[in-house]
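I'd like to ask some things about the structure below.
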Amino acid sequence: MGAVWFWIVAVMLAAYVVLDGFDIGIGILYPFLASNEDDRSVMMRSIGPVWDGNEVWLLAGGGTLFFAFPLLYASAFSGFYLPLMIVLWLLIGRGASIELRSHIDNGIWRSFFNGVFFLSSALLAIFFGAALANVIRGVPIGPDNYFFLPLWTNWRVGPQPGILDWYTVVGGLVALIALAVHGGLYLALKATGDLCERARRFSQQAWFALCVITLVSLLATILVRPETLDHYKLHPVSFAIPVLVVLSLAAMKIFTVRRQELNAFLSSCLYLAIMLVGAAVGLYPTLLPSSTNAAKDITVAEAISGPYATHVGLIWWSFGILLAIGYFCVSYWMFRGKVSPRADGYGH
């Protein structure tokens, strides 16, 4: 059951990154692609009906983590307390900016919330990327399974690192660029006219940066945590993952050039999902590595809940996830198609 719940949590977090990733990407691009209020309205309306539903996957993933791996939840949420609080405030700021910017027809009011929307979205992408890099790199887990990380130390990877070092900065840049491209491809799918063309052009140009930072992150991961290759060598079929990453990147470029917006966006979804699956394969069966002593790693076997809880929980989780999938299918179907800048509410 440990392996089952490991992959359940991994899939739920991947679903969050893929779904909420494009509306975070819209926020990153918000001040750069919108040339007037109509453009800003289209960008906001493209995510308006779905952004809050997308964030459910983050809450559900955190809840599943608490239920299935309580030791990991206790250790990680204690050691990462400061960045988690920052992420919480960024999520609040982003939600407030989406909901409140149009409540008062005033330039200063809207400009303020436009800035909050951009800043919170960009910082969320960076923090999420840095968080994953922290997990891959490892943290100084103590004998009581707890740890403390300052925001930064000497910016080097070592036994006593900070939350931010050169490797986690690379992770933050991967997330920032990948989600910006993801948002650009989604906007090209939903917008029309000049805004659609600007989104497509940005995605084509930023694609080169995404390829470079992806390669840099792969080499950096092998340098910082060479143990990840051992897991791949145990299961050679896993080497299909980097092949799929390359193919998804190539597909993004080809479909964007051919103006096949839906296929390009789906290729971006595949890229994000495969990158996260690759990280999970490299870690398994470790949930949180120790940067000081491998014997202190928090593993699936150590952190998993009791057999009764995991079996009964799987039944209830299955019911819940079917309801969630049904809701998302209906929601995305209802709000399919291009976005109008002048519809009532969030309408298309």
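Output the 0 to 90 degree angle, nearest 10, between the alpha-carbon long axis of helix 37-47 and the longest principal axis computed from the alpha carbons of the chain.
Helix 37-47 sits roughly 40 degrees off the main axis of the chain.
Can you put PHE265, PHE335 in order of Cβ neighbours within 10 angstrom, beginning with the fewest?
On the way: PHE265 24, PHE335 18.
Lowest count first: PHE335, PHE265.
Can you list residues from other chains, or at least 5 along the same chain, whose modelled amide H is less than 5 Å from the amide H of LEU287?
Amide H neighbours of LEU287: ILE298, THR299, VAL300.
Obtain the nm distance between the two label points defined at GLU227 and LEU84 by a simple spin-label model: each point lies 7 Å from its Cα along the Cα-to-C-beta direction.
2.2 nm
Defining a contact as two alpha carbons under 8 Å apart and six or more residues distant in sequence, what relative contact order in percent does region 187-263 show? List each step's numbers first, then the result.
On the way: 26 pairs, mean separation 26.8, N = 77.
Across region 187-263, relative contact order equals 35 percent.
Sticking with this one: Would you mind ranking ILE24, ILE163 so that the residue whose beta carbon has the fewest other beta carbons within 10 Å leads the list? Provide the component values of the computation, followed by the final result.
Working: ILE24 29, ILE163 21.
Sorted ascending by nearby Cβ count, the order is ILE163, ILE24.
Also, I was wondering about something else. Could you work out how far apart the two model spin labels at PHE319 and SER102 are, taking each label as a point 7 Å from the Cα in the direction of the beta carbon, and quote it in nm?
So the label points at PHE319 and SER102 sit 3.7 nm apart.
In deg cm²/dmol and to the nearest 500, what is the mean residue ellipticity at 222 nm of the chain if only DSSP H runs of at least 4 residues count, each as -39500 (n - 2.57), divided by the residue total?
Helix-only estimate at 222 nm: -25500 deg cm²/dmol.
Here is a further query. Quote the relative contact order of region 279-333 in percent (integer), defining contacts as alpha-carbon pairs under 8 Å separated by 6+ residues. Let's see the in-between values first.
Details: 21 pairs, mean separation 11.0, N = 55.
For region 279-333, the relative contact order is 20 percent.
Provide the net charge surrounding TRP166, with neighbours chosen by a C-beta distance below 13 Å and charges set as Lys +1, Arg +1, Asp -1, Glu -1.
On the way: positive: ARG137, ARG156; negative: ASP165.
Around TRP166, the charge tally is +1.
The chain: longest stretch without exposed trypsin sites (Lys or Arg not before Pro) (DSSP loop, at most 16 other Cβ within 10 Å), sites themselves excluded?
Result, exposed sites excluded: 1-155.
Here's a follow-up. For helix 307-334, what angle does its Cα long axis make with the longest principal axis of the chain, in degrees from 0 to 90 and rounded to 10?
10 degrees
First select every other residue whose beta carbon is under 13 angstrom from the beta carbon of ARG156; then total the charges, Lys and Arg +1, Asp and Glu -1.
Numbers: positive: ARG137; negative: ASP165.
Within the 13 Å Cβ shell, the charges total 0.
On C-alpha positions alone, give me the angle between the axis of helix 2-33 and the longest principal axis of the chain, in degrees, nearest 10.
It is inclined by approximately 30 degrees.
Please work out the ratio of the alpha-carbon Rg of region 102-242 to 2.2 N^0.38 Å and round it to two decimals. Working shown, then result.
Values: Rg = 19.3 Å, N = 141, 2.2 N^0.38 = 14.4 Å.
That works out to 1.34 for region 102-242.
May I ask for the distance between the Cα centers of region 272-295 and region 205-233, given as a whole number of Å?
Centre-to-centre (Cα) distance: 13 Å.
With θ taken as phi - 60° and the coefficients 6.51, -1.76 and 1.60, list the Karplus ³J(HN,Hα) couplings across region 192-203 in order, rounded to whole Hz; mark glycine and proline as x.
10, x, 4, 4, 4, 5, 5, 5, 5, 5, 4, 4
Under 10 Å, Cα contacts only: if you run a Gaussian network model on the chain, which one of ASN263, ASN293, ASN114 comes out with the highest mean-square fluctuation?
For the chain, modelled as a Gaussian network with Cα springs under 10 Å, the answer is ASN293.
So, one more: Which of LEU288, TRP317, ALA301 sits farthest toward the positive end of the charge dipole of region 258-348, with +1 on the Cβ of Lys and Arg and -1 on the Cβ of Asp and Glu?
TRP317
Just name one of LEU71, PRO83, ASN106: the one whose Cα is farthest towards the positive end of the charge dipole of region 34-139 (beta-carbon charges, Lys/Arg +1, Asp/Glu -1).
It is LEU71, whose Cα lies furthest towards the positive end.
Could you please report the charge total around VAL339, scoring K, R as +1 and D, E as -1 over all other residues with beta-carbon less than 9 angstrom from its beta-carbon?
Local net charge: +3.
Rounding to the nearest 20 debye, state how big the charge dipole of region 2-334 is about its Cα centre with +1 on each Lys and Arg Cβ and -1 on each Asp and Glu Cβ. List each step's numbers first, then the result.
Values: 17 positive and 18 negative charges, 120 e Å.
That gives a dipole near 580 debye.
Take the Cα radius of gyration of the chain and divide it by 2.2 N^0.38 Å, with N its residue count; two decimals is plenty.
In units of the 2.2 N^0.38 Å rule of thumb, it is 1.00.
Using Cβ contacts closer than 10 Å as the measure, can you line up VAL157, VAL243 from fewest to most?
Ascending number of Cβ neighbours within 10 Å: VAL243, VAL157.
In whole Hz, with x marking every Gly and Pro, tabulate ³J(HN,Hα) for region 221-237 from phi via Karplus 6.51 cos²θ - 1.76 cosθ + 1.60, θ = phi - 60°.
5, 4, 5, 7, 9, x, 4, 4, 5, 4, 5, 5, 5, 5, 10, x, 4
Let me ask something additional. For region 146-155, what does the Karplus curve 6.51 cos²θ - 1.76 cosθ + 1.60, with θ = phi - 60°, yield as ³J(HN,Hα) per residue in whole Hz, taken in order and with x for Gly and Pro?
Along region 146-155, the couplings run 10, 8, 9, 10, x, 4, 7, 10, 9, 6 Hz.
Next question, about the same structure. For the residue pair LEU234 and ARG258, what label-to-label distance in nm results when each label sits 7 Å from Cα along the Cα-to-beta-carbon direction?
Calculated label separation equals 3.9 nm.
Which whole-number percentage describes the relative contact order of region 156-313, with Cα contacts under 8 Å and a sequence gap of 6 or more?
Details: 138 pairs, mean separation 34.6, N = 158.
It rounds to 22 percent for region 156-313.
Where a number appears in this text, it was derived from the coordinates with a stated rule and is not lab data. Bear in mind that the values here come from a model prediction, so they are computed numbers and not experimental data. Don't worry about glycine lacking a Cβ; one is built from the backbone with ideal geometry, like all the others, and counts go over all protein chains shown.
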